[in-house]
Amino acid sequence: MTTFGEYIRELRTGKGLTLTELAALLKLDSANLSKIENGKREFDEKRLEKLAIVFDLDLNKLKTEYFSDQFAKKMYKFNCLPETLIVAEKKTNYLRDRNVKQAEIEF
């Protein structure tokens, strides 16, 4: 298990990129990228697509890695029970179903 920042560092070093090189590809400065890799700053989800392109990753798998990290940090911070994830999954399915039904309405 790694944090999302550690995951980025592993991708970067595995591809032989320096902080400066990856930061330039993501349109970040290297100091901010260093803070992200060290867990002192959050990665901006708007850059997920760029990150996927740079490392030739499946965007959905990258989103899973990113958002699972975000959920875990929130759950840890607020000392949530594991059942929180079960309830969240049910709510996600509810929202998905609700939006599908709304999309079926014709005007």
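Computed from the coordinates by the stated procedures, all read-outs in this text should not be read as laboratory data. On a predicted model such as this, the values are computed, not experimentally measured, just so you know. Don't worry about glycine lacking a Cβ; one is built from the backbone with ideal geometry, like all the others, and counts go over all protein chains shown.
Which one, ASN79, ASN93, ASN60, has the greatest fluctuation when you compute a Gaussian network model over the chain with C-alpha springs under 10 angstrom?
With Cα springs under 10 Å in the chain, the top fluctuation among ASN79, ASN93, ASN60 is at ASN93.
Relative to the first principal axis of the alpha-carbon coordinates of the chain, what is the inclination of helix 83-104, with its axis defined by its Cα atoms, in degrees from 0 to 90 and to the nearest 10?
The answer is roughly 70 degrees.
Which GluC sites (Glu not before Pro) in segment 22-77 pass both tests, a DSSP loop state and at most 15 other beta-carbon atoms within 10 Å? The partial results should precede the final answer.
Values: sites: GLU37, GLU42, GLU45, GLU49, GLU65; in loops: GLU42.
Sparse-neighbourhood loop GluC sites (Glu not before Pro): GLU42.
Roughly speaking, what is the centre-to-centre gap between segment 40-107 and segment 13-35 when only Cα atoms are used, to the nearest Å?
Between the Cα centres of segment 40-107 and segment 13-35 lies a distance of 24 Å.
Any chance you could run the full-extension gain for GLN70 through LEU25? It's 0.36 nm times the residue separation minus the Cα-Cα distance, nm to one decimal.
13.9 nm
Which length gain, in nm to one decimal place, applies between ASP56 and MET1 when the Cα-Cα distance is subtracted from 0.36 nm times their residue separation? List each step's numbers first, then the result.
Values: separation 55, 0.36 × 55 = 19.80 nm, distance 2.11 nm.
My answer for the length gained is 17.7 nm.
Which entry is the computed P(r) over Cα pairs in 5 Å bins from 0, in percent for this structure: [x] 2, 10, 18, 20, 14, 12, 10, 8, 4, 2, 0; [y] 2, 9, 6, 7, 6, 7, 6, 5, 6, 4, 5, 4, 4, 4, 4, 3, 3, 3, 3, 3, 2, 2, 1, 0, 0; [z] 2, 14, 28, 28, 18, 7, 1, 0?
Read-out from the structure maps to [x].
Segment 1-90: which chymotrypsin sites (Phe, Trp or Tyr not before Pro) are DSSP loop and have at most 12 other beta-carbon atoms within 10 angstrom? The partial results should precede the final answer.
On the way: sites: PHE4, TYR7, PHE43, PHE55, TYR66, PHE67, PHE71, TYR76, PHE78; in loops: PHE43, PHE78.
Filter output for segment 1-90: PHE78.
Figure the gain on full extension for LYS91 and THR18 (residue separation times 0.36 nm, minus the Cα-Cα span) and round it to one decimal in nm.
Details: separation 73, 0.36 × 73 = 26.28 nm, distance 4.07 nm.
Answer, rounded to one decimal: 22.2 nm.
To the nearest 0.05, how large is the calculated FRET efficiency for GLU42 and VAL100 if R₀ is 41 Å and r is the Cβ-Cβ distance?
Values: r = 31 Å, r/R0 = 0.76.
It comes out at approximately 0.85.
Which trypsin sites (Lys or Arg not before Pro) from segment 12-100 combine a DSSP loop assignment with at most 10 other Cβ atoms within 10 Å?
Details: sites: ARG12, LYS15, LYS27, LYS35, LYS40, ARG41, LYS46, ARG47, LYS50, LYS61, LYS63, LYS73, LYS74, LYS77, LYS90, LYS91, ARG96, ARG98; in loops: LYS15, LYS27, LYS40, ARG41.
Hits after loop and neighbour filter: LYS27, LYS40.
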